[in-house]
Amino acid sequence: MIHREKVKSLLETEEFNREVTVMGWVRTFRNNQFIAINDGSCMGNLQIVVDFNNTDEALLKRITTGAAIAVKGIVVESVGKGQKVDIKATSIEILGDSDPEKYPLQPKKHSLEFLREIAHLRFRTNTFNAVFKLRHALAFAIHQFYNEKGFVYMHTPIITASDAEGAGEMFRVTTLDLENPPLTEDGKVDYSEDFFARSANLTVSGQLEGELAAMAFGQIYTFGPTFRAENSNTTRHLAEFWMVEPEVAFADLEDNMQLAEDMLKYVINYALVNCKEEIDFLNNRLLEEEKTKPQNERSELSLIEKLNFCLANDFERLTYTEAIKILKASKPNQKKQFKYLIDEWGADLQSEHERYLVEKHFKKPVILTDYPADIKSFYMRQNEPDEQGRKTVAAMDILFPGIGEMVGGSQREERMDKLVARMEELNIPQEELWWFLDTRRFGSAPHSGFGLGFERLVQFVSGMGNIRDVIAFPRFPKNAEF
(Lines give C-alpha, C1' and ligand atoms only; values in the text may rest on other atoms or scores of the structure.)
Protein backbone atom coordinates (compact mmCIF):
# COMPACT_ATOMS: atom_id res chain seq x y z
CA MET A 1 0.00 0.00 0.00
CA ILE A 2 1.41 3.39 -1.05
CA HIS A 3 1.36 6.06 1.63
CA ARG A 4 -0.10 9.17 0.05
CA GLU A 5 -0.46 12.62 1.51
CA LYS A 6 -3.59 14.66 1.10
CA VAL A 7 -3.59 17.96 -0.73
CA LYS A 8 -4.96 19.70 2.39
CA SER A 9 -2.03 18.63 4.60
CA LEU A 10 0.53 19.46 1.89
CA LEU A 11 -0.86 22.96 1.38
CA GLU A 12 -0.44 23.53 5.15
CA THR A 13 2.96 21.83 5.51
CA GLU A 14 6.08 23.48 6.90
CA GLU A 15 8.29 20.47 6.09
CA PHE A 16 10.14 20.99 2.80
CA ASN A 17 12.69 19.01 0.77
CA ARG A 18 11.07 15.64 1.42
CA GLU A 19 9.64 13.10 -0.97
CA VAL A 20 5.86 12.56 -1.03
CA THR A 21 3.21 10.82 -3.10
CA VAL A 22 -0.02 12.65 -3.86
CA MET A 23 -3.01 11.47 -5.90
CA GLY A 24 -5.94 13.40 -7.29
CA TRP A 25 -7.71 14.78 -10.33
CA VAL A 26 -6.28 17.31 -12.73
CA ARG A 27 -8.05 20.67 -12.61
CA THR A 28 -5.76 22.43 -15.11
CA PHE A 29 -2.45 21.83 -16.90
CA ARG A 30 -0.66 24.99 -18.05
CA ASN A 31 2.28 25.35 -20.44
CA ASN A 32 3.04 21.62 -20.22
CA GLN A 33 4.64 22.54 -16.90
CA PHE A 34 2.13 23.32 -14.11
CA ILE A 35 -0.55 20.85 -13.00
CA ALA A 36 -3.25 21.99 -10.57
CA ILE A 37 -4.37 18.85 -8.72
CA ASN A 38 -7.26 18.38 -6.28
CA ASP A 39 -8.15 15.29 -4.24
CA GLY A 40 -11.33 16.55 -2.54
CA SER A 41 -9.69 17.00 0.88
CA CYS A 42 -10.00 20.79 0.59
CA MET A 43 -11.04 23.41 -1.93
CA GLY A 44 -7.52 24.51 -2.76
CA ASN A 45 -5.46 22.97 -5.57
CA LEU A 46 -1.87 21.81 -5.21
CA GLN A 47 0.57 22.84 -7.92
CA ILE A 48 2.73 20.13 -9.44
CA VAL A 49 5.77 21.38 -11.36
CA VAL A 50 6.66 19.13 -14.31
CA ASP A 51 10.09 18.94 -15.94
CA PHE A 52 8.57 18.79 -19.43
CA ASN A 53 11.97 18.55 -21.17
CA ASN A 54 12.56 15.22 -19.45
CA THR A 55 8.99 13.88 -19.47
CA ASP A 56 7.66 11.56 -22.13
CA GLU A 57 5.52 13.53 -24.61
CA ALA A 58 2.90 10.78 -24.79
CA LEU A 59 2.47 11.03 -20.99
CA LEU A 60 2.16 14.82 -21.14
CA LYS A 61 -0.68 14.51 -23.66
CA ARG A 62 -2.60 12.29 -21.22
CA ILE A 63 -2.46 14.91 -18.41
CA THR A 64 -5.84 16.47 -19.19
CA THR A 65 -8.58 18.13 -17.12
CA GLY A 66 -10.41 15.43 -15.15
CA ALA A 67 -7.70 12.77 -15.42
CA ALA A 68 -6.72 10.93 -12.21
CA ILE A 69 -2.99 10.92 -11.56
CA ALA A 70 -0.44 9.80 -8.98
CA VAL A 71 2.57 12.04 -8.50
CA LYS A 72 5.79 11.30 -6.67
CA GLY A 73 7.90 14.35 -5.99
CA ILE A 74 9.76 16.69 -3.67
CA VAL A 75 8.00 19.30 -1.50
CA VAL A 76 9.50 22.72 -2.28
CA GLU A 77 8.66 26.31 -1.42
CA SER A 78 6.75 27.88 -4.25
CA VAL A 79 8.26 30.78 -6.17
CA GLY A 80 4.88 31.69 -7.68
CA LYS A 81 2.20 33.87 -6.12
CA GLY A 82 -0.91 32.47 -4.48
CA GLN A 83 0.61 29.36 -2.91
CA LYS A 84 3.52 28.60 -0.63
CA VAL A 85 4.04 24.94 -1.62
CA ASP A 86 4.82 23.17 -4.90
CA ILE A 87 5.58 19.54 -5.62
CA LYS A 88 8.50 19.09 -7.98
CA ALA A 89 7.48 15.92 -9.81
CA THR A 90 9.98 13.07 -10.14
CA SER A 91 7.41 10.64 -11.59
CA ILE A 92 3.80 10.86 -12.81
CA GLU A 93 1.43 7.94 -13.35
CA ILE A 94 -1.93 8.23 -15.09
CA LEU A 95 -4.46 6.32 -13.00
CA GLY A 96 -7.46 7.17 -15.18
CA ASP A 97 -7.61 9.02 -18.49
CA SER A 98 -10.14 11.76 -19.24
CA ASP A 99 -10.94 12.54 -22.88
CA PRO A 100 -10.66 16.36 -23.12
CA GLU A 101 -13.07 16.42 -26.07
CA LYS A 102 -15.83 14.75 -24.06
CA TYR A 103 -15.19 15.75 -20.43
CA PRO A 104 -17.99 18.27 -19.66
CA LEU A 105 -16.26 20.13 -16.79
CA GLN A 106 -13.85 22.49 -18.47
CA PRO A 107 -11.86 25.19 -16.60
CA LYS A 108 -14.57 27.85 -16.95
CA LYS A 109 -17.72 28.95 -15.14
CA HIS A 110 -20.67 26.60 -15.62
CA SER A 111 -24.30 27.42 -14.83
CA LEU A 112 -25.99 25.61 -11.94
CA GLU A 113 -28.68 24.42 -14.37
CA PHE A 114 -26.02 22.75 -16.54
CA LEU A 115 -24.34 21.21 -13.50
CA ARG A 116 -27.65 19.65 -12.41
CA GLU A 117 -27.67 17.77 -15.72
CA ILE A 118 -24.29 16.27 -14.82
CA ALA A 119 -24.91 15.87 -11.09
CA HIS A 120 -22.60 12.83 -11.04
CA LEU A 121 -19.65 15.14 -11.87
CA ARG A 122 -20.62 18.40 -10.19
CA PHE A 123 -19.01 17.34 -6.88
CA ARG A 124 -15.68 18.09 -8.60
CA THR A 125 -16.41 21.82 -8.76
CA ASN A 126 -15.47 24.19 -5.93
CA THR A 127 -19.09 25.24 -5.40
CA PHE A 128 -20.32 21.71 -4.79
CA ASN A 129 -17.21 20.71 -2.87
CA ALA A 130 -18.17 23.51 -0.46
CA VAL A 131 -21.92 22.73 -0.40
CA PHE A 132 -21.53 19.03 0.36
CA LYS A 133 -18.76 19.52 2.94
CA LEU A 134 -21.15 21.95 4.61
CA ARG A 135 -24.01 19.45 4.36
CA HIS A 136 -21.81 16.83 6.05
CA ALA A 137 -20.86 19.24 8.85
CA LEU A 138 -24.48 20.26 9.50
CA ALA A 139 -25.60 16.61 9.68
CA PHE A 140 -22.76 15.84 12.09
CA ALA A 141 -23.65 18.88 14.22
CA ILE A 142 -27.30 17.79 14.45
CA HIS A 143 -26.31 14.36 15.74
CA GLN A 144 -23.83 15.94 18.15
CA PHE A 145 -26.42 18.42 19.48
CA TYR A 146 -28.96 15.71 20.30
CA ASN A 147 -26.34 13.31 21.61
CA GLU A 148 -25.08 15.96 24.04
CA LYS A 149 -28.65 16.45 25.29
CA GLY A 150 -29.17 12.72 25.90
CA PHE A 151 -31.61 12.07 23.05
CA VAL A 152 -31.99 8.57 21.57
CA TYR A 153 -31.58 8.38 17.77
CA MET A 154 -34.43 6.31 16.30
CA HIS A 155 -34.59 4.87 12.78
CA THR A 156 -38.27 5.15 11.88
CA PRO A 157 -39.74 3.18 8.93
CA ILE A 158 -39.37 4.34 5.35
CA ILE A 159 -42.24 2.08 4.26
CA THR A 160 -45.49 2.85 6.06
CA ALA A 161 -49.22 2.25 5.82
CA SER A 162 -50.10 5.59 7.47
CA ASP A 163 -50.11 9.16 6.19
CA ALA A 164 -48.77 11.29 9.06
CA GLU A 165 -49.68 14.59 7.48
CA GLY A 166 -53.05 13.61 6.03
CA ALA A 167 -51.95 15.22 2.77
CA GLY A 168 -52.38 12.13 0.60
CA GLU A 169 -49.41 12.99 -1.63
CA MET A 170 -47.53 9.73 -1.14
CA PHE A 171 -45.55 7.33 -3.32
CA ARG A 172 -47.03 3.84 -3.40
CA VAL A 173 -44.89 0.79 -2.66
CA THR A 174 -46.06 -2.41 -4.36
CA THR A 175 -44.89 -5.69 -5.89
CA LEU A 176 -48.13 -6.22 -7.81
CA ASP A 177 -48.07 -6.64 -11.58
CA LEU A 178 -49.15 -3.16 -12.64
CA GLU A 179 -50.24 -4.39 -16.08
CA ASN A 180 -52.48 -7.07 -14.61
CA PRO A 181 -53.16 -6.37 -10.92
CA PRO A 182 -55.48 -8.61 -8.88
CA LEU A 183 -58.91 -7.04 -8.47
CA THR A 184 -61.62 -7.27 -5.81
CA GLU A 185 -65.24 -8.11 -6.70
CA ASP A 186 -66.05 -4.41 -7.10
CA GLY A 187 -63.14 -3.91 -9.56
CA LYS A 188 -60.63 -2.19 -7.24
CA VAL A 189 -56.99 -3.27 -6.84
CA ASP A 190 -56.82 -6.07 -4.29
CA TYR A 191 -53.97 -5.06 -2.00
CA SER A 192 -54.49 -8.13 0.17
CA GLU A 193 -52.52 -9.90 -2.58
CA ASP A 194 -49.64 -7.41 -2.29
CA PHE A 195 -46.35 -7.97 -0.43
CA PHE A 196 -47.57 -6.36 2.81
CA ALA A 197 -51.16 -7.59 2.30
CA ARG A 198 -52.27 -3.96 2.37
CA SER A 199 -51.65 -0.66 0.64
CA ALA A 200 -48.22 0.74 1.57
CA ASN A 201 -46.36 3.97 0.83
CA LEU A 202 -43.05 5.75 1.28
CA THR A 203 -43.17 7.83 4.44
CA VAL A 204 -43.73 11.59 4.54
CA SER A 205 -42.64 11.77 8.18
CA GLY A 206 -41.24 9.68 11.01
CA GLN A 207 -43.18 11.71 13.57
CA LEU A 208 -45.95 9.29 14.52
CA GLU A 209 -43.48 6.45 15.16
CA GLY A 210 -41.22 8.95 16.93
CA GLU A 211 -44.02 9.76 19.37
CA LEU A 212 -44.26 6.08 20.28
CA ALA A 213 -40.56 6.00 21.18
CA ALA A 214 -40.71 9.30 23.10
CA MET A 215 -43.33 7.73 25.34
CA ALA A 216 -40.67 5.28 26.51
CA PHE A 217 -37.31 7.05 26.19
CA GLY A 218 -38.49 10.56 27.07
CA GLN A 219 -36.62 12.26 24.25
CA ILE A 220 -35.78 10.91 20.81
CA TYR A 221 -35.04 12.21 17.33
CA THR A 222 -35.23 10.81 13.84
CA PHE A 223 -33.09 11.90 10.90
CA GLY A 224 -33.93 10.15 7.68
CA PRO A 225 -35.29 10.36 4.14
CA THR A 226 -38.93 11.30 3.56
CA PHE A 227 -40.94 11.45 0.36
CA ARG A 228 -43.78 13.57 -0.99
CA ALA A 229 -45.44 13.06 -4.38
CA GLU A 230 -46.30 16.75 -4.73
CA ASN A 231 -46.23 17.97 -8.32
CA SER A 232 -44.17 21.02 -7.46
CA ASN A 233 -41.32 22.50 -9.48
CA THR A 234 -40.36 25.35 -7.15
CA THR A 235 -36.87 26.14 -5.85
CA ARG A 236 -38.04 25.03 -2.36
CA HIS A 237 -39.53 21.56 -2.96
CA LEU A 238 -38.16 18.07 -3.56
CA ALA A 239 -39.89 14.70 -3.90
CA GLU A 240 -37.18 13.06 -1.74
CA PHE A 241 -35.73 15.00 1.16
CA TRP A 242 -34.34 14.48 4.67
CA MET A 243 -36.13 15.41 7.89
CA VAL A 244 -34.88 15.93 11.44
CA GLU A 245 -37.74 15.21 13.84
CA PRO A 246 -37.30 15.28 17.64
CA GLU A 247 -40.11 14.23 19.99
CA VAL A 248 -39.98 15.05 23.69
CA ALA A 249 -42.23 13.74 26.47
CA PHE A 250 -43.34 16.09 29.26
CA ALA A 251 -42.63 19.11 27.01
CA ASP A 252 -45.03 21.92 26.14
CA LEU A 253 -45.00 24.42 23.27
CA GLU A 254 -42.54 26.74 25.07
CA ASP A 255 -40.09 23.86 25.57
CA ASN A 256 -40.51 22.94 21.90
CA MET A 257 -39.73 26.46 20.68
CA GLN A 258 -36.65 26.69 22.87
CA LEU A 259 -35.32 23.31 21.72
CA ALA A 260 -35.71 24.29 18.06
CA GLU A 261 -34.05 27.69 18.54
CA ASP A 262 -31.17 26.14 20.50
CA MET A 263 -30.65 23.48 17.82
CA LEU A 264 -30.62 25.96 14.93
CA LYS A 265 -28.15 28.25 16.68
CA TYR A 266 -25.94 25.30 17.63
CA VAL A 267 -25.63 23.90 14.11
CA ILE A 268 -25.20 27.30 12.43
CA ASN A 269 -22.46 28.17 14.91
CA TYR A 270 -20.83 24.76 14.32
CA ALA A 271 -20.73 25.46 10.56
CA LEU A 272 -19.25 28.95 11.04
CA VAL A 273 -16.51 27.58 13.30
CA ASN A 274 -15.70 24.37 11.41
CA CYS A 275 -16.39 25.24 7.75
CA LYS A 276 -14.69 28.61 7.47
CA GLU A 277 -13.08 27.87 4.09
CA GLU A 278 -16.35 26.64 2.58
CA ILE A 279 -18.48 29.47 3.99
CA ASP A 280 -15.96 32.13 2.90
CA PHE A 281 -16.03 30.69 -0.62
CA LEU A 282 -19.85 30.57 -0.73
CA ASN A 283 -20.08 34.06 0.77
CA ASN A 284 -17.85 35.45 -2.01
CA ARG A 285 -19.78 33.49 -4.63
CA LEU A 286 -23.02 35.03 -3.41
CA LEU A 287 -21.56 38.55 -3.36
CA GLU A 288 -20.57 38.13 -7.03
CA GLU A 289 -24.04 36.80 -7.85
CA GLU A 290 -25.71 39.73 -6.07
CA LYS A 291 -23.82 42.21 -8.29
CA THR A 292 -25.72 40.90 -11.34
CA LYS A 293 -29.13 41.63 -9.77
CA PRO A 294 -31.05 44.92 -9.87
CA GLN A 295 -30.37 47.04 -6.76
CA ASN A 296 -33.87 46.51 -5.29
CA GLU A 297 -33.48 42.70 -5.48
CA ARG A 298 -30.13 42.53 -3.72
CA SER A 299 -29.93 41.12 -0.22
CA GLU A 300 -29.17 43.60 2.55
CA LEU A 301 -26.95 41.02 4.26
CA SER A 302 -24.06 38.90 3.03
CA LEU A 303 -24.21 35.16 3.74
CA ILE A 304 -21.92 35.41 6.77
CA GLU A 305 -23.88 38.41 8.09
CA LYS A 306 -27.13 36.46 7.66
CA LEU A 307 -25.77 33.51 9.63
CA ASN A 308 -24.48 35.74 12.42
CA PHE A 309 -27.81 37.60 12.36
CA CYS A 310 -29.53 34.35 13.41
CA LEU A 311 -27.03 33.76 16.21
CA ALA A 312 -27.08 37.31 17.56
CA ASN A 313 -30.85 37.67 17.94
CA ASP A 314 -33.35 35.96 20.20
CA PHE A 315 -36.06 34.69 17.86
CA GLU A 316 -39.16 36.91 17.96
CA ARG A 317 -42.20 35.01 19.27
CA LEU A 318 -45.76 36.02 18.38
CA THR A 319 -49.11 34.40 17.66
CA TYR A 320 -50.59 33.84 14.23
CA THR A 321 -53.36 36.30 15.19
CA GLU A 322 -50.79 39.03 15.96
CA ALA A 323 -48.99 38.27 12.68
CA ILE A 324 -52.23 38.63 10.68
CA LYS A 325 -52.79 42.10 12.19
CA ILE A 326 -49.25 43.15 11.20
CA LEU A 327 -49.60 41.75 7.68
CA LYS A 328 -53.05 43.29 7.08
CA ALA A 329 -51.71 46.71 8.03
CA SER A 330 -48.42 46.30 6.12
CA LYS A 331 -47.51 48.52 3.17
CA PRO A 332 -47.18 45.60 0.67
CA ASN A 333 -50.68 44.41 1.62
CA GLN A 334 -52.22 47.91 1.56
CA LYS A 335 -50.61 48.64 -1.81
CA LYS A 336 -51.56 45.20 -3.17
CA GLN A 337 -47.90 44.24 -3.71
CA PHE A 338 -48.34 40.80 -2.10
CA LYS A 339 -49.27 38.12 -4.61
CA TYR A 340 -51.61 36.68 -1.95
CA LEU A 341 -53.36 39.52 -0.12
CA ILE A 342 -54.17 39.09 3.56
CA ASP A 343 -57.77 40.09 4.12
CA GLU A 344 -59.03 37.81 6.88
CA TRP A 345 -58.04 35.66 9.84
CA GLY A 346 -57.63 32.00 8.80
CA ALA A 347 -55.52 32.58 5.69
CA ASP A 348 -52.64 30.16 5.16
CA LEU A 349 -49.47 32.27 5.21
CA GLN A 350 -47.32 32.17 2.08
CA SER A 351 -43.55 32.52 1.81
CA GLU A 352 -43.86 36.22 0.91
CA HIS A 353 -45.73 36.90 4.18
CA GLU A 354 -43.27 34.90 6.25
CA ARG A 355 -40.30 36.69 4.70
CA TYR A 356 -41.91 40.11 5.24
CA LEU A 357 -42.24 39.41 8.97
CA VAL A 358 -38.62 38.27 9.25
CA GLU A 359 -36.80 40.56 6.84
CA LYS A 360 -38.80 43.77 6.92
CA HIS A 361 -40.88 43.99 10.10
CA PHE A 362 -38.90 42.33 12.91
CA LYS A 363 -35.52 41.99 11.17
CA LYS A 364 -34.80 38.76 13.07
CA PRO A 365 -35.94 35.11 12.93
CA VAL A 366 -39.57 34.72 13.96
CA ILE A 367 -41.50 31.94 15.73
CA LEU A 368 -45.23 32.03 14.94
CA THR A 369 -47.56 30.13 17.27
CA ASP A 370 -51.21 29.21 17.72
CA TYR A 371 -52.36 28.73 14.14
CA PRO A 372 -56.00 28.18 13.08
CA ALA A 373 -56.91 24.53 13.64
CA ASP A 374 -58.35 24.26 10.10
CA ILE A 375 -54.97 24.75 8.41
CA LYS A 376 -52.98 22.41 10.66
CA SER A 377 -52.66 18.65 11.21
CA PHE A 378 -54.99 16.49 13.28
CA TYR A 379 -52.42 15.57 15.96
CA MET A 380 -51.75 19.15 17.18
CA ARG A 381 -53.00 20.10 20.65
CA GLN A 382 -56.23 22.08 20.57
CA ASN A 383 -56.27 25.40 22.41
CA GLU A 384 -59.31 26.84 24.12
CA PRO A 385 -61.30 28.94 21.57
CA ASP A 386 -60.52 32.68 21.73
CA GLU A 387 -63.01 35.43 22.65
CA GLN A 388 -64.44 35.28 19.11
CA GLY A 389 -64.83 31.50 19.25
CA ARG A 390 -61.98 30.88 16.80
CA LYS A 391 -60.25 27.52 17.15
CA THR A 392 -56.46 27.37 17.23
CA VAL A 393 -53.84 24.71 17.92
CA ALA A 394 -50.55 24.82 19.86
CA ALA A 395 -48.45 24.87 16.69
CA MET A 396 -45.24 26.74 15.98
CA ASP A 397 -43.32 27.58 12.80
CA ILE A 398 -39.84 29.11 12.75
CA LEU A 399 -39.30 31.58 9.90
CA PHE A 400 -35.86 32.50 8.55
CA PRO A 401 -34.62 35.24 6.20
CA GLY A 402 -34.55 34.26 2.54
CA ILE A 403 -36.21 30.89 3.20
CA GLY A 404 -39.46 31.41 5.05
CA GLU A 405 -40.50 28.35 7.07
CA MET A 406 -37.50 26.45 8.43
CA VAL A 407 -39.17 24.43 11.20
CA GLY A 408 -42.75 23.32 11.76
CA GLY A 409 -43.89 21.73 15.00
CA SER A 410 -46.43 21.61 17.80
CA GLN A 411 -47.39 20.39 21.19
CA ARG A 412 -49.15 17.11 20.43
CA GLU A 413 -52.75 16.40 21.42
CA GLU A 414 -52.35 13.99 24.37
CA ARG A 415 -56.06 13.93 25.34
CA MET A 416 -57.72 10.86 23.88
CA ASP A 417 -61.21 12.33 23.53
CA LYS A 418 -60.00 15.48 21.78
CA LEU A 419 -57.75 13.52 19.40
CA VAL A 420 -60.48 11.01 18.47
CA ALA A 421 -63.00 13.80 17.88
CA ARG A 422 -60.56 15.59 15.56
CA MET A 423 -59.81 12.37 13.63
CA GLU A 424 -63.55 11.77 13.18
CA GLU A 425 -63.97 15.35 11.97
CA LEU A 426 -61.29 14.79 9.31
CA ASN A 427 -62.38 11.23 8.43
CA ILE A 428 -59.09 9.70 9.56
CA PRO A 429 -59.76 5.99 10.24
CA GLN A 430 -58.97 5.12 13.86
CA GLU A 431 -58.47 1.43 13.11
CA GLU A 432 -55.43 2.25 10.94
CA LEU A 433 -53.82 4.26 13.75
CA TRP A 434 -54.79 2.02 16.69
CA TRP A 435 -51.14 1.84 17.76
CA PHE A 436 -50.84 5.65 17.78
CA LEU A 437 -53.98 5.97 19.88
CA ASP A 438 -52.59 3.42 22.36
CA THR A 439 -50.06 6.05 23.51
CA ARG A 440 -53.07 8.10 24.63
CA ARG A 441 -54.71 5.07 26.28
CA PHE A 442 -51.71 3.94 28.31
CA GLY A 443 -49.87 6.60 30.30
CA SER A 444 -50.54 9.57 28.09
CA ALA A 445 -48.49 12.69 28.85
CA PRO A 446 -48.00 16.15 27.37
CA HIS A 447 -45.38 15.98 24.62
CA SER A 448 -44.06 18.05 21.75
CA GLY A 449 -41.96 17.83 18.63
CA PHE A 450 -41.07 19.45 15.35
CA GLY A 451 -39.74 18.77 11.88
CA LEU A 452 -36.75 20.47 10.27
CA GLY A 453 -36.38 20.08 6.51
CA PHE A 454 -32.65 19.38 6.34
CA GLU A 455 -32.21 20.60 2.76
CA ARG A 456 -33.76 23.95 3.68
CA LEU A 457 -31.21 24.27 6.47
CA VAL A 458 -28.35 23.45 4.06
CA GLN A 459 -29.83 25.92 1.57
CA PHE A 460 -29.88 28.66 4.19
CA VAL A 461 -26.35 28.05 5.50
CA SER A 462 -24.84 27.67 2.01
CA GLY A 463 -26.77 30.54 0.42
CA MET A 464 -27.74 28.36 -2.55
CA GLY A 465 -30.87 29.64 -4.29
CA ASN A 466 -32.29 26.28 -5.41
CA ILE A 467 -32.94 23.32 -3.12
CA ARG A 468 -31.91 20.97 -5.95
CA ASP A 469 -28.34 22.16 -5.45
CA VAL A 470 -28.00 21.04 -1.82
CA ILE A 471 -28.88 17.35 -2.23
CA ALA A 472 -26.61 15.04 -4.18
CA PHE A 473 -29.13 13.68 -6.67
CA PRO A 474 -32.38 15.69 -6.59
CA ARG A 475 -35.70 13.97 -7.16
CA PHE A 476 -38.51 16.13 -8.55
CA PRO A 477 -41.40 15.79 -11.01
CA LYS A 478 -40.31 13.98 -14.20
CA ASN A 479 -36.74 13.51 -12.90
CA ALA A 480 -35.14 10.54 -11.15
CA GLU A 481 -31.80 10.62 -12.98
CA PHE A 482 -28.64 9.01 -11.55
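The values are calculated or read from the model by the stated rules, or taken from the named source; none is laboratory data. Everything numeric in this text was worked out from a predicted model, so none of it was measured. FYI the Cβ positions are ideal-geometry reconstructions off the backbone, even for glycines, and counts take in every protein chain you see. The protein model used for the area step is the full one, side chains on, heavy atoms only, and it has no ligands, DNA or RNA in it. Shrake-Rupley method; radii C 1.70, N 1.55, O 1.52, S 1.80 Å.
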Within segment 71-121: Cβ-based charge dipole about Cα centre, in debye rounded to nearest 20 (Lys, Arg +1; Asp, Glu -1): 300
Note, ³J(HN,Hα) from phi for segment 302-315, Karplus 6.51, -1.76, 1.60, rounded to Hz, x at Gly and Pro: 6, 4, 5, 4, 5, 5, 5, 4, 6, 7, 7, 10, 5, 5
Set of lysines with alpha-carbon distance to K364 below 18 Å, sequence-local pairs under 8 removed: K265, K306
Percent accessible area from carbon and sulfur atoms, segment 330-482, protein chains only, probe 1.4 Å: 47
Segment 394-454: trypsin sites (Lys or Arg not before Pro) falling in loop per DSSP and having at most 15 other Cβ within 10 Å: R415
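Provide the per residue accessible area, probe 1.4 Å, for segment 56-129, rounded to a whole number of square angstrom.
Ligands and nucleic acids excluded, the result is 57 Å² per residue.
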From phi via Karplus (6.51, -1.76, 1.60), per-residue ³J(HN,Hα) for segment 70-78 in Hz, x at Gly/Pro: 10, 10, 10, x, 9, 6, 10, 6, 6
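Summarise the accessible area of segment 176-235 (1.4 Å probe, protein heavy atoms) by the percent that is carbon and sulfur.
Carbon-and-sulfur percentage of accessible area, whole number: 50.
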Mean Cβ neighbour count within 10 Å, used as a protection proxy, ranking 102-113, 121-132 highest first: 121-132, 102-113
Segment 341-482, accessible area per residue, ligands and nucleic acids excluded (1.4 Å, Å²): 41
Sequence-separation-based contact order of segment 167-262, relative, with Cα cut under 8 Å and 6+ spacing, percent: 26
Approximate spin-label separation D255-F16, in nm, with each point projected 7 Å along Cα-to-Cβ: 6.1
Amide H partners (placed H, <5 Å) of M243, local residues excluded: G224, T226, F454
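Which percent of the accessible area of segment 38-149 is formed by carbon and sulfur heavy atoms (probe 1.4 angstrom)? Before the final figure, lay out the partial values.
On the way: 2900 of 5790 Å².
The C+S portion of the solvent-accessible surface of segment 38-149 is 50 percent.
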In segment 223-276, the chymotrypsin sites (Phe, Trp or Tyr not before Pro) that fall in loop regions by DSSP, at most 14 other Cβ within 10 Å: F250
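Mind pulling up the Rg/Rh value for the chain? Radius of gyration and Kirkwood radius, both on Cα.
Values: Rg = 27.0 Å, Rh = 25.8 Å.
Computed over Cα atoms, the ratio is 1.05.
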Lys, Arg +1 and Asp, Glu -1 on Cβ, resulting dipole of the chain about Cα centre, debye, nearest 20: 1980
Relative contact order for segment 51-95, counting Cα pairs under 8 Å that sit 6 or more residues apart, in percent: 40
Taking the chain and dividing mean pair separation by its residue count, relative contact order in percent (alpha carbons under 8 Å, at least six apart): 13
Helix axis angle, 416-425 relative to the chain longest principal axis, alpha carbon, degrees: 90
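Less than 11 Å Cβ to Cβ from E93, Lys/Arg counted +1 and Asp/Glu -1: what total charge do the surrounding residues give?
Summing Lys and Arg as +1 and Asp and Glu as -1 gives +2.
Calculate for the chain the 222 nm mean residue ellipticity that helices alone would give, adding -39,500 (n - 2.57) per DSSP H run of length 4 or more and normalising by residue count, nearest 500 deg cm²/dmol.
Calculated mean residue ellipticity at 222 nm is -9000 deg cm²/dmol.
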Long-range HN-HN contacts of T156 with modeled amide H, under 5 Å: F223
Residues with amide H under 5 Å from that of F476, placed H, sequence gap 5 or more: A239
Restricting segment 273-308 to GluC sites (Glu not before Pro) in coil, as DSSP defines it, with at most 14 other Cβ within 10 Å: E300
Burial order of peptide ranges 346-353, 466-473 (average beta-carbon count within 10 Å, highest first): 466-473, 346-353
For segment 231-241, 3J(HN,Hα) per residue [Karplus equation, 6.51 cos²θ - 1.76 cosθ + 1.60, θ = phi - 60°, Hz, x = Gly/Pro]: 7, 10, 10, 7, 7, 10, 10, 10, 7, 10, 8
C-alpha long axis of helix 253-274 to longest principal axis of the chain, angle in °: 0
Which of L426, L327, L303, positive extreme of dipole for the chain (C-beta unit charges): L303
Dipole of the chain [Lys/Arg +1, Asp/Glu -1 at C-beta], most positive-end residue of A139, V152, A373: A139
